[in-house]
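Taking it in order: structure first as structure tokens, then the write-up.
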Amino acid sequence: MTRHRLHPAWLVAAVAFVALVGAAGFRATPSVLLHPLHAEFGWPLATISAAVSVNLMLYGLTAPFAAALMDRFGIRRVVAGALLLVALGSGLTVGMTTSWQLILCWGVLVGLGTGSMALAFVATVTGRWFVHRRGLVTGVLTAGGAAGQLIFLPLLAVLVRDHGWRMAALVVAVAALAVVPLVVWLLREHPADLGLPAYGAAEVVPPTPPAGGAAARAVGTLAAAARTRPFWLLAAGFAICGATTNGLVGTHFVPAAHDHGMPETTAAGLLALVGVFDIVGTVASGWLTDRVDSRLLLGAYYALRGASLLVLPGLFAGTTEPSMLVFVVFYGLDWVATVPPTVALCREHFGVSGAVVFGWVFAAHQVGAAVAATGAGLVRDQLGDYAVAWYAAGTLSIGAAGLSLLLRRPSGEAPVARPVTVGRRAWSYRD
């Protein structure tokens, strides 16, 4: 007998998508809070950007340990705890009075929380639950987290303008809390727990209990990967990716546009539009990753991003010109399109350790983002504008394209998905 039903992997992916979007709100706040915090407390932009850098750094450095913790304690516990940390950090900011409190709440607590739900979470979910359509699902989940961050911007900008920055922080805290019950109720750990294979796999594979502690596994995986050339090429390229997205554009686009006379709400709307096109670009990138050499995709993405950033300084104006809209569409399609091929390359080169290795590659992404966030703030404080930061980012992106093309295809063949047979029943899972 052949029966058709929706594979539970799609429900897990849907819950993961909602969780990533729910945690994305605080990722959107730096752009709209830089000037309000500067106006209220008198802190230099470089000081506020330093808190952003701590957030971005911990966001990345937490990822590999979170991936190992998910293997040891389960996805559900780690993600629920991460959302609670995001809510706590966001909620506590409303009472802060000094810059060190900003660094503690905004940087440390939220950095740890969002880092536990970073792209290593995406790699873990897709690695456990999908064989077929893995690249596409990676693209969709990545788009959910990144685009959710940007789509929150108009709402947060309006809240800051009409009700103050504290109301925006409270809304983010409530949004993160609201997702926790859904995660606890519906986020499953392994397909084998349901007696099923992963989507597109040929047989049920019981999860292998991790050996040793989560921290030891994360560090041991890094030590092994760091002895290989592909790891450093991927890490260097992804560090530049972080510098040219979250660190620079995600943090400083709104203040840079405001420097040229554009209202912050309008600039935030443009950045949200980047998020809309990011959804299209990242999902398309996931689809292409299942079909095209990932090295070539990364090379193209980084080169095109570099070209767009090199022309950006000449596009800023007090109003939204057509040329800026062209940039927003073009850059949005490329925002995190790099993630699906990078995840695929980590899995190709490092096998079952691919999710943890990607966690370390993502840590490099966030180190790059942190350096760019602080560096661009210093450039603005010292030179009075961001032009040098945009030109440097464009040049680095073109360099990342070259690094990606230096990767070699690993030996061996990818597994081929076959029809699934469980017991006496043959199940064909629909999409």
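The values are calculated or read from the model by the stated rules, or taken from the named source; none is laboratory data. Keep in mind that this is a model prediction, so the values were computed, not measured. Reconstructed Cβ throughout: ideal geometry from the backbone, glycine too, with neighbour counts over all protein chains shown. Surface areas here come from the heavy atoms of the whole protein model, side chains and all, with no ligands, DNA or RNA. Shrake-Rupley method; radii C 1.70, N 1.55, O 1.52, S 1.80 Å.
For region 212-233, the criterion of being touching a strand residue (DSSP E or B) at 6+ places or on another chain (Cβ under 8 Å), small (Gly, Ala, Ser) and open to solvent by 10 Å² or more (accessible area, probe 1.4 Å) is met by no residue. Checked against the criterion of being open to solvent by less than 10 Å² (accessible area, probe 1.4 Å), β-branched (Val, Ile, Thr), in a helix (DSSP H, G or I) and touching an Asp or Glu at 6+ places or on another chain (Cβ under 7 Å), the candidates Val249, Val254, Val274 yield just one match: Val254. From the list Leu45, Leu37, Leu61, Leu119, the one residue that fits, being buried (at least 24 other Cβ atoms within 10 Å of the Cβ), within 22 Å of Leu248 (Cβ to Cβ) and in contact (Cβ under 8 Å) with a residue 12 or more places away in the chain, is Leu119. Cβ contacts < 7 Å: first residue in a loop (DSSP other than H, G, I, E, B), restricted to region 131-152; second residue modelled with pLDDT under 85 and aromatic (Phe, Trp, Tyr), any location; separation 6+ or different chain. Result? Once the first residue is in a loop (DSSP other than H, G, I, E, B) and sits in region 131-152, no partner that is modelled with pLDDT under 85 and aromatic (Phe, Trp, Tyr) comes close enough.
Pairing residues of region 291-309 that are of a type in the set (A, V, I, L, M, F, W, C) with residues that are outside any helix (DSSP H, G or I), at Cβ distances under 7 Å and at least 6 apart in sequence or on separate chains, gives Leu298/Thr338. So if I check each of Leu271, Leu298, Leu288, which one is under 23 Å from Ala157 (Cα atoms) and not basic (Lys, Arg)? After applying the criteria, what remains is Leu271. Mind checking whether some residue in region 295-316 is touching a Leu at 6+ places or on another chain (Cβ under 9 Å), small (Gly, Ala, Ser) and surrounded by fewer than 18 Cβ atoms within 10 Å (Cβ to Cβ)? No, that holds for no residue. Just one residue in the set Ala337, Ala400 is modelled with pLDDT of 90 or more, open to solvent by less than 10 Å² (accessible area, probe 1.4 Å) and in contact with a helix residue (DSSP H, G or I) (Cβ under 9 Å, 6 or more places away or on another chain); that residue is Ala400. Restricting region 316-340 to residues that are assigned to a helix (DSSP H, G or I), in contact (Cβ under 8 Å) with a residue 60 or more places away in the chain and not hydroxyl-bearing (Ser, Thr, Tyr), the residue that is farthest from Ala387 (Cα to Cα) is Pro340. Screening Leu155, Leu88 for residues that are farther than 30 Å from Leu345 by Cα and touching a Leu at 6+ places or on another chain (Cβ under 9 Å) leaves exactly one candidate, Leu88. Pairing residues of region 365-392 that are within 10 Å of Ala243 (Cα to Cα) and β-branched (Val, Ile, Thr) with residues that are at pLDDT below 90 and crowded, with 24+ Cβ neighbours inside 10 Å, at Cβ distances under 7 Å and at least 6 apart in sequence or on separate chains, gives Val367/Gly60; Val371/Gly247.
Of the residues making up region 102-132, just one is out of contact with any Leu (no Cβ under 9 Å at 6 or more places or on another chain) and of a type in the set (Phe, Trp, Tyr), namely Trp129.
Applying the set (1) in contact with a helix residue (DSSP H, G or I) (Cβ under 7 Å, 6 or more places away or on another chain); (2) at pLDDT 90 or above to Asp385 leaves exactly one unmet item: (2). Annotation note: Cβ proximity below 9 Å between a residue of region 10-34 that is on the phi < 0 side of the Ramachandran plot and open to solvent by 10 Å² or more (accessible area, probe 1.4 Å) and a residue that is at pLDDT below 75 and among the β-branched types (Val, Ile, Thr) (sequence gap 6+ or interchain) occurs for Val21/Ile151.
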